[in-house]
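Worksheet: one structure, shown below.
Nothing in this text is a laboratory measurement; each read-out follows from the coordinates by a stated rule. Because the structure is predicted, anything quoted here is derived from the model rather than measured. A quick note on method: Cβ atoms are made from the backbone with ideal geometry, for glycine too, and the neighbour counts reach across all protein chains shown.
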Amino acid sequence: MRVGIVCPYTWHVPGGVQAHIRDLAEELIREGHHVSVIASADDDEPLPPYVEPAGRAVPVRYNGSVARLTFGPISNARVRRWLREGEFDVLHVHEPAAPSLSLLACYAADGPIVATFHAANPRSRWMRVGTPALTPALEKIRARIAVSSAARRTLVEHFGGDAVVIPNGVDVEAFRGASPLPGREPNGATVGFLGRFDEPRKGFAVLLAAFVALAPSRPELRLLVAGPGDAQDVLDDLPPDLAARVDFLGMVSDADKVRFFQSIDVYVAPNVGQESFGVILLEAAAAGVPIVASDLDAFARVLDDGVAGELTAVGDVASLTAGLARVLDDPVRRQQLRAGGDVVARRYDWASVAHRVLEVYETVTAGAEATVSEDDATESLISRMMFRGSPGAG
Amino acid sequence: MQNLLIVLVVLVLLAMYVTWTAGRLDRQHVRVEAGRSALDAALVRRAALAEELADLVRTSGSTDDRALAAPVVAAARTARDADVEGRERAENNLTRVLRPLVNALGGSLRAADEQGSDLPAGYAAQVHALLGQLASATSRIGLARNISNGAVDHTLALRRRRLVRWLHLAGRAAAPSYFEIDDTTLADALAQVARREP
């Protein structure tokens, strides 16, 4: 099957959606399908052979964080050319409800279109004001996939209709058998956190408070933090003896992320809201690291209601302190959590996820009259009126 | 003169908008057709597999299983021959008679595994394979139903628009209807049988 996938965000910036698309594309290619991904990226950037660059992205505030999006005449022309030359059986757009390359592709294409919705944000201003303008593009989508029940609920509340829930996958084998980061063997009491620690919704402040509470009675306790943010800000607020026990790795590459999990003894996800799935939990579980996580709907579901991770009250320092202490002090509990995590990680293995996505492709193409083509109506209305003679077109 | 120009521009824009909306509506009708035919294919496949399974059980299964298989053969044939109005009822009926057969076969397969049985050689493997195919056909129905009803949703929303109603943009195309059947209870039963397999 010939599959065209649209990635709405900049390819080289690490993110859940980008990783999802990469893993899906590579799994489909492994199974013998033809896959082309179009993503915003500079022309001179090194890209995998299956990725087509659609031009540079501009930063836009969306859903509490900054997303880098591509939207404009040059991208429009490139998407249209990619559609014409790709001759896809199915077009798979991701997160088409944001003003992005995916939305452009929806306007530009006609035929079997599948869309995956990632975000779970109950109050997105963009979705509210944007809905009338989005409808003509979104109604072209033949099948909708949501990566979680929360994402499905968001979608249904904003646009009506329904969606099939297919959760994210994780490449279990990649997280097995890695070696720790150089010079960072776990000491039996190293707690890990990965993500933008200066973004309030990630809940790092809650973890830090729990760490401060536990550190005096546990001299071995260390905190290892990976992800972008201003480390000095955090260290300045800590007493010097505690600051020495917190290490910041900065942003880590995918390869180093795999090794990061081998450098820690417990992974903590203290998020305080707006998480639709939590791929990071699956990665920690695949790596065999016991997990302590906030009791968010999405997290509780992924972690089998506490079988695969110690759940603590959202944003509650005392609850996280107690939960973390329980896991740190009890080797039997850690072993239980590892075993539970193993079951969960295998369930979400990419091979099984890709198989379910293929089922959706097959269902939309089964009754379809033709392959994906350019939409002549939007070509005449939008492109001809707005984008005529734009530089770089064609 | 100027007024005439404005009127002309408005008329041209309106005409473009109407044409575009008609195009959207046409595409939705195409999508409904495609969704419905994918759903049809999935339902036909389930009926065919159900009949094959029931035929196998009727000739080679245990006495108890044979009794459960007989109504499945009849229901599968009715479902395949059903017209548009009778389709949902016929498919629900097939689900209703398939469920006990699937559960019973799960039990017989397990019993044969544990204590051996006098059933013909290869029978268990055949039943097992058919149950697997039936499970995938049933999950396909859920998917196709979801997709088809999504298309109906969008089409009806568009047809309810004032512009579309006043100008009869839908033409003679009949308003599509939702297709609701109970396929999930059968999917659950099949998943349970599959889980019990070693």
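For A:Y9, nonlocal amide neighbours, meaning residues 5 or more places apart or on other chains whose placed amide H falls under 5 Å from its own, are A:S40. Between the range A:34-55 and the range A:174-233, the alpha-carbon centres lie 34 Å apart. With θ taken as phi - 60° and the Karplus curve 6.51 cos²θ - 1.76 cosθ + 1.60 applied, the whole-hertz 3J(HN,Hα) list for the range A:50-56 is 8, 9, 9, x, 10, x, 6 Hz, x standing for glycine and proline. The mean count of C-beta atoms from other chains within 10 Å of the C-beta of residues in A:139-145, rounded to a whole number, is 6. Taking the longest Cα principal axis of chain A as reference, the axis of helix A:204-214 is set at about 10 degrees.
Take every Cα pair under 8 Å in the range B:82-198 that's 6+ residues apart, average their separations, divide by the length, and report that relative contact order as a whole percent. This gives 49 percent for the range B:82-198. By the count of other C-beta atoms within 10 Å, a proxy for reagent exposure, A:T154, B:T184 are ordered fewest to most as B:T184, A:T154. The DSSP beta bridges internal to chain A are antiparallel in roughly 20% of cases.
Scaled against 2.2 N^0.38 Å for its residue count N, the alpha carbon radius of gyration of the protein assembly as shown is 1.10.
Cβ crowding within 10 Å, taken as a proxy for footprinting-reagent exposure, orders B:R45, A:R144 from fewest neighbours to most as B:R45, A:R144.
Across peptide B:145-154, the mean count of Cβ atoms from other chains lying within 10 Å of each residue's own Cβ comes to 6. Rounded to the nearest angstrom and listed largest first, the equivalent-ellipsoid semi-axes of the range B:1-70 from its Cα gyration tensor are 63, 7, 4. For A:A146, nonlocal amide neighbours, meaning residues 5 or more places apart or on other chains whose placed amide H falls under 5 Å from its own, are A:F117, A:V164, A:V165, A:I166. Counting charges near A:R346 (Lys, Arg +1; Asp, Glu -1) among other residues having Cβ under 12 Å from its Cβ returns a value of -2.
Sequentially through the range B:78-87, phi angles give Karplus couplings (6.51, -1.76, 1.60; θ = phi - 60°) of 4, 4, 6, 8, 5, 8, 3, 5, x, 4 Hz, Gly and Pro residues having no value and appearing as x. Distance from the Cα centroid of the range B:154-187 to that of the range A:71-106 is 27 Å (rounded to whole angstrom). Computed per residue of chain B from DSSP H runs no shorter than four, each worth -39500 (n - 2.57), the mean residue ellipticity at 222 nm is -30000 deg cm²/dmol.
Counting beta carbons within 10 Å around each of B:H154, A:H355, A:H94, B:H29 and listing the fewest first gives the order A:H355, B:H29, B:H154, A:H94. Counting only alpha carbon atoms, the long axis of helix A:73-86 and the longest principal axis of chain A meet at about 80°.
P(r) tail for chain B: Cα pairs beyond 30 Å make up 41% of the total. Residue by residue along A:357-366, Cβ atoms of other protein chains within 10 Å of the local Cβ number 5 on average.
For the range A:122-222, the relative contact order works out to 18 percent when only alpha carbon pairs closer than 8 Å and six or more residues apart are counted. The angle between the Cα long axis of helix B:123-159 and the longest principal axis of the Cα atoms of chain B comes to about 20 degrees, rounded to the nearest 10. Taken one residue at a time, the phi angles of the range A:166-181 give Karplus couplings (6.51, -1.76, 1.60, θ = phi - 60°) of 10, x, 4, x, 9, 7, 4, 4, 4, 8, 8, x, 7, 9, x, 4 Hz. Gly and Pro are set to x.
Residues whose amide H lies under 5 Å from that of A:V170, counting only those 5 or more places away or on a different chain, are A:D349, A:W350; hydrogens are built 1.01 Å from N in the peptide plane. Using a 10 angstrom cutoff on alpha carbons, build the Gaussian network for chain A and name the most mobile of A:D342, A:D241, A:D44. The residue that fluctuates most here is A:D44.
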